[in-house]
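Novice: One structure, pasted below without further comment.
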Amino acid sequence: QVQLVESGGGLVQAGGSLRLSCATSGIIFSLNALGWYRQAPGNQREFVATITSRGSTNYADSVKGRFTISRDNAKNTGYLQMNSLKHEDAAVYYCRADSDVYGVYYWGKGTMVTVSS
């Protein structure tokens, strides 16, 4: 059974930092791309960052230079380091892993990030 479990969310002041983790099981993590997405209240889920199995990364323009996606294949875990957080970064953050079927993905249940003044 495939599981993706996010952690590390919480309340942080604007300008602060958080590190999200995505622990996976049931997949060959090292072979799968991993992505982070977020959804704020009233908004659609949006792309944040992705990292391929080979470590190539891609970021949404809104987080470039502030967020860093990484992975530890030995731990089957992905990370999202978020620095210089802004109010508009507040959302539920989800991780997503590719499956063996094109266009089919596994999702975690999300972790909430709240940014205060």
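Novice: Over the chain, with every protein chain in place, what whole percent of the accessible area is carbon and sulfur at 1.4 Å, could you tell me?
Specialist: Answer for the chain is 47 percent, counting heavy atoms of protein chains only.
Novice: Hey, what's the range 13-117 come to in accessible area per residue, 1.4 Å probe, Å²?
Specialist: On the way: 5700 Å² over 105 residues.
Per-residue accessible area for the range 13-117 comes out at 54 Å².
Novice: Below 8 Å between Cα atoms, with a sequence gap of 6+, how large is the relative contact order for the chain in percent?
Specialist: Details: 279 pairs, mean separation 42.2, N = 117.
After rounding, I find 36 percent.
Novice: If I ignore ligands, DNA and RNA and count only protein heavy atoms, how much of E6 is accessible to a 1.4 Å probe, in Å² to the nearest 10?
Specialist: In the full protein context, E6 sits at about 20 Å².
Novice: Another question, then. Taking Cα pairs under 8 Å and at least six residues apart, what relative contact order does the range 1-41 come out at, in percent?
Specialist: On the way: 33 pairs, mean separation 17.1, N = 41.
Contact order relative to length: 42 percent.
Novice: A further question on this structure: At a 1.4 Å probe radius, which order do I51, I28 fall into by accessible area, largest first?
Specialist: On the way: I51 10, I28 110 Å².
Heavy-atom accessible area, descending, gives I28, I51.
The values are calculated or read from the model by the stated rules, or taken from the named source; none is laboratory data. Fair warning: this is a prediction, and the values are worked out from it, not measured in the lab. Each accessible area value is taken on the protein alone, full model and side chains, heavy atoms only, with ligands, DNA and RNA left out. Shrake-Rupley method; radii C 1.70, N 1.55, O 1.52, S 1.80 Å.
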